[in-house]
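Structure, as structure tokens:
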Amino acid sequence: MTKKIAVLGTGANGSCISADLIRAGYDVTMIDQWPAHVEKMRHDGLTISMPDEELHVRVNAYHLCDVCMLHIIFDVVLLCVKAYDTRWACELIKPYLAPDGILVGVQNGMTVDDIIDIVGADRTIGCVVELASEMFEPGRVKRSIPPSRAWFGLGAVDPAMQDRVQEIADIMKHAGRVGFPEKIISAKWMKLIVNSMSMGPQAMLGLNGSEAVKLPGVREIMLRCGGEALAAGQSKGYTIEPIFGLKREDIEGSNDLLEMLLDKIMAAVGPTAHDTVVQDHMKGRNSEVDLINGAVFEENTRRGRPSKANQMIVEMSRRIHAGEIKADPSNLAAATELLARLDAGA
């Protein structure tokens, strides 16, 4: 495998992908901002625990501050940082991306425009991700969606890049199944719809999906978030695209698209996994809720449409991040009350 690949942002998902590519024989450089994680991997390697196997690999791991001393030009950069870290991360790695290299945002959120703005459309390929994992200690990841069930949707924004999508598919197939949505930006918004329903609502309760939907009214809140997100996307001209390995006939023939998408992601993640926003709340980190539910609220507000469920999720998440409240099932009462006030125009 002659391509030189950087994985920038080797949290849970970035570590999983790195391990898969290393196992497949690729030359992978891992770059991360958690010092203890980098040092642990340097000393002991990286361990990925999956439902049916445990994968341990030796890695080439670097701190962010090491990048300025790298004498490597990368053919491919897989960007796996949080959506809100996209711009600075692209600026950091831009000098090390080959003139004909490719940067792939393997992320949640609508980050493609930011990537294009920095490295150019002629070096950008969009990606939709179905992969769930969690990491609470350096050098060790629990992966709940193994490669056999993970899914990556790939597509070019610049038509001139379409012929190069297969290059990335040939790499990513080692980490999961690969699909090719007809409209990658619309497909990324479809994933945002799923995230708006699942991550923020259950995370404010400190629960995983299977636990959260057992509480009265939670599933209705989730679906309402999804409905607002769907409307916001359609107002921007995004089309309904099949993701997660679904076929077009699956989504076009469904009378309950949001229900189907919500059930699909919850089944894929499983009954015990904690999504990334739950993990962020547990770690006291900023989450991507502002760029997911917040993006829905902002788009609908621009167009004079209500988006009260997503507004509520943003507010509850900000309270958690500020330390005013903790992620806990007791937040459901406060969330329901806040949503009622917003509906009433208070």
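Restricting the search to helices (runs of 4 or more DSSP H) fully inside the stretch 253-302 and requiring at least 1 residues that are at pLDDT below 95, over 15 Å from ARG319 (Cα atoms) and open to solvent by less than 60 Å² (accessible area, probe 1.4 Å) gives 257-269, 276-283.
Inside the stretch 328-346, residues that are on the phi < 0 side of the Ramachandran plot and without any contact (Cβ under 8 Å) to a residue 60 or more places away in the chain make up a count of 11. The criterion of being open to solvent by 60 Å² or more (accessible area, probe 1.4 Å) and either closer than 30 Å to TRP189 by Cα or within 22 Å of the chain's Cα centre (by Cα) (or both) holds for ARG87. Pairs meeting the criteria (first residue in the stretch 70-83 and more than 19 Å from GLU167 (Cβ to Cβ) and without any contact (Cβ under 8 Å) to a residue 60 or more places away in the chain, second residue assigned to a strand (DSSP E or B) and open to solvent by 10 Å² or more (accessible area, probe 1.4 Å), beta carbons under 6 Å, at least 6 apart or on different chains) are lacking. Looking at the stretch 313-327, which of its residues are touching a residue at least 40 places away in the same chain (Cβ under 8 Å) and assigned to a helix (DSSP H, G or I)? Residues satisfying the conditions are ILE313, VAL314, MET316, SER317, ILE320, HIS321. Annotation note: Cβ proximity below 8 Å between a residue of the stretch 37-53 that is on the phi > 0 side of the Ramachandran plot and a residue that is not in a loop (DSSP other than H, G, I, E, B) (sequence gap 6+ or interchain) occurs for GLY45/HIS56; GLY45/VAL57. Suppose the filter is open to solvent by 10 Å² or more (accessible area, probe 1.4 Å), at pLDDT 95 or above, part of a loop (DSSP other than H, G, I, E, B) and under 25 Å from ASN286 (Cβ atoms); does ASN13 pass it? Criteria not met by ASN13.
Across the stretch 171-214, the qualifying residues are those that are in contact with a Phe, Trp or Tyr (Cβ under 6 Å, 6 or more places away or on another chain), farther than 30 Å from ASP328 by Cα and hydrophobic (A, V, I, L, M, F, W, C), and the one among them that is most open to solvent (accessible area, probe 1.4 Å) is VAL178. Does the stretch 136-153 contain at least one residue that is aliphatic (A, V, I, L, M), open to solvent by 20 Å² or more (accessible area, probe 1.4 Å) and either touching a residue at least 12 places away in the same chain (Cβ under 8 Å) or within 17 Å of VAL38 (Cα to Cα) (or both)? Looking for residues that are aliphatic (A, V, I, L, M), open to solvent by 20 Å² or more (accessible area, probe 1.4 Å) and either touching a residue at least 12 places away in the same chain (Cβ under 8 Å) or within 17 Å of VAL38 (Cα to Cα) (or both), one finds none in the stretch 136-153, hence no.
GLY45 versus (1) of a type in the set (Gly, Ala, Ser); (2) open to solvent by 10 Å² or more (accessible area, probe 1.4 Å); (3) farther than 23 Å from ASP170 by Cβ: which is the lone unmet condition? With respect to (1) of a type in the set (Gly, Ala, Ser); (2) open to solvent by 10 Å² or more (accessible area, probe 1.4 Å); (3) farther than 23 Å from ASP170 by Cβ, GLY45 is out only on (2).
Within the set ASP85, ASP114, ASP100, the sole residue that is of a type in the set (Asp, Glu) and under 20 Å from ALA12 (Cα atoms) turns out to be ASP85.
The values are calculated or read from the model by the stated rules, or taken from the named source; none is laboratory data. Just so it is clear, the structure is predicted and the values come from calculations on it, not from any experiment. Note that each Cβ is placed from the backbone with ideal geometry, even for glycine, and that neighbours are counted across all protein chains shown. Ligands, DNA and RNA are excluded from the accessible area calculation, which covers all protein heavy atoms including side chains. Shrake-Rupley method; radii C 1.70, N 1.55, O 1.52, S 1.80 Å.
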